[in-house]
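Some notes on the structure that comes next.
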Amino acid sequence: MIASVALAGVTIWGQGPNPRRQDKDATELQTRLMPAEPAWTVTLDAAPSAGGANDGASIYVPLRSEKVVALSRVDGRVVWTRDVESMTRPVAGGGLVFVLASDELFALDSATGSDRWRVPFDHDASARISVFGDRVVGFTDRSTLASIISTEGRVAWRRELTAPSPHAVVGDASRLYAALDDGAVVAVSASNGDVVWQRKLPGALAQPALVSNRVIVGSDTNEVFALESDTGAIAWRWRVGGDVVGAAGSPETVFIVALDNVLRAVGQSNGNQRWKKPLASRPASPPELFGDLVVITSAAPTITAFNRVTGESAGTYVAPAEVEGPALLVPATGPLDVVMVVITRDGRVVGLRPKPPAPPPAPSVPS
């Protein structure tokens, strides 16, 4: 039985700023990301049809020529190309690349691009897919959420919900959370798809984020809601100055961007504001966390990093053309590693590494 909870209830409006405090899980070391310089640039055979994915070794990009291409993270060379049509971002992990075609889900070998398995659908599928452990989860047949065992391609369960969703499902090993087209946020059991709770929110919902024990969901009513992950009760809500693009967070802090071109940091537990920073242009994607940085991909096209504890600017990269999808961030294992990959809508892929500091000036020689 669906446990449905109404919108009415006591909420906490997180409008009052709190003094800054150290984010408990923030690294003490500054993540090296910017200033960035190109390590390589590749021009693709066709424009991208959606944003890309990475697994640390390769970058995977769907193309408008109905292909998927894998590029080396090290030097941008083409590792393999497959004839698969896709209009959504792929997902990579566990030695596989999951690509959603219009009526099939492909699992490709990340090293070779060969098929591991494919699952057909009865209707067109367009929402992004997600991977949780050994499960691939996504909307397959209009409003049907499906969980597929990633190593086998076998459907573990299907669950018909009240509406489809344009967004990726978020969750963990026990529960999955989806923001639906009818304004409902629904939580289902990851093991069998049973509905645990459902809550109706106002407006068209943005991509949700799971931040510890909160499901963070914004809408085009200029509001952000933090729902208790166990019950769906509203823990706090924030009003912003524009449609919400999305959120991300750590156990201590939630970062929110909206079309008022402001990045906000609020407490995860109570919604109290910690800091806010203006953005130079409209955010195009939800925030991304990278070490001690919050990274925003904007429509300008720029990628800007902020220290996630203080909100201070940590640098900006200006892309050579409008960006397709968020910047892909890759943890470095060496000082010259590519740590950020940007895909542009005109078909270029740029691998970026932190620019080394300028050498100190040579000592003056006495005359």
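If I ask for residues that are assigned to a strand (DSSP E or B) and on the phi < 0 side of the Ramachandran plot, which ones from segment 163-185 would you list?
Hits for segment 163-185 are Val170, Arg175, Leu176, Tyr177, Ala178, Ala179, Ala184, Val185.
Taking segment 30-60, which residues are open to solvent by 30 Å² or more (accessible area, probe 1.4 Å), assigned to a strand (DSSP E or B) and closer than 12 Å to Ala70 by Cα?
Residue satisfying the conditions is Asn54 alone.
Count, please, the residues in segment 80-101 that happen to be part of a strand (DSSP E or B) and either in contact with a Pro (Cβ under 7 Å, 6 or more places away or on another chain) or of a type in the set (S, T, N, Q) (or both).
4
I need a count of the residues in segment 157-178 that are crowded, with 18+ Cβ neighbours inside 10 Å and either in contact with a Ser or Thr (Cβ under 6 Å, 6 or more places away or on another chain) or within 16 Å of Phe106 (Cα to Cα) (or both).
Matching residues across segment 157-178 total 5.
Being over 17 Å from the mean Cα position of the chain (by Cα) and within 24 Å of Ala168 (Cβ to Cβ), is that true of even one residue in segment 285-299?
no
Scan segment 218-251 for residues that are in contact with a Ser or Thr (Cβ under 8 Å, 6 or more places away or on another chain) and among the charged types (D, E, K, R) and jot them down.
Arg237, Asp243
Read through the list (1) under 30 Å from Gly232 (Cα atoms); (2) within 19 Å of the chain's Cα centre (by Cα); (3) in a strand (DSSP E or B); (4) not charged (D, E, K, R), then give the number of the only condition that Val155 fails.
That leaves (2) as the condition not met.
So for segment 235-257 (the condition being among the hydroxyl-bearing types (Ser, Thr, Tyr), part of a strand (DSSP E or B) and crowded, with 16+ Cβ neighbours inside 10 Å), does at least one residue qualify?
yes
Tally time: how many residues in segment 102-149 are in a loop (DSSP other than H, G, I, E, B), open to solvent by less than 10 Å² (accessible area, probe 1.4 Å) and farther than 23 Å from Thr162 by Cα?
Here the count works out to 1.
Looking only at strands (runs of 3 or more DSSP E) that fall completely inside segment 260-367, which ones have 3 or more residues that are modelled with pLDDT of 95 or more, acidic (Asp, Glu) and open to solvent by less than 10 Å² (accessible area, probe 1.4 Å)?
No strands (runs of 3 or more DSSP E) qualify here.
I need the full set of residues from segment 190-210 which are hydrophobic (A, V, I, L, M, F, W, C), more than 17 Å from Ala156 (Cβ to Cβ) and under 21 Å from the mean Cα position of the chain (by Cα), in order please.
The answer is Ala204, Leu205, Ala206, Ala209, Leu210.
Would you mind stating whether Pro202 is surrounded by fewer than 19 Cβ atoms within 10 Å (Cβ to Cβ) and touching a residue at least 40 places away in the same chain (Cβ under 8 Å)?
yes
So, in segment 102-133, how many residues would count as being free of Cβ contacts under 8 Å to residues at least 40 places away in the same chain, under 20 Å from the mean Cα position of the chain (by Cα) and farther than 22 Å from Arg82 by Cβ?
Final tally of qualifying residues: 0.
Working carefully through the options Val262, Val295, find the one that is touching an Asp or Glu at 6+ places or on another chain (Cβ under 7 Å) and closer than 15 Å to Ser313 by Cβ.
When all the criteria are applied, what remains is Val295.
The values are calculated or read from the model by the stated rules, or taken from the named source; none is laboratory data. Model, not experiment: these values are computed from the prediction. Here Cβ is always computed from backbone atoms with ideal geometry, including for glycine, and neighbour counts include all displayed protein chains. What goes into the accessible areas is simple: the full protein's heavy atoms, side chains included, and nothing from ligands, DNA or RNA. Shrake-Rupley method; radii C 1.70, N 1.55, O 1.52, S 1.80 Å.
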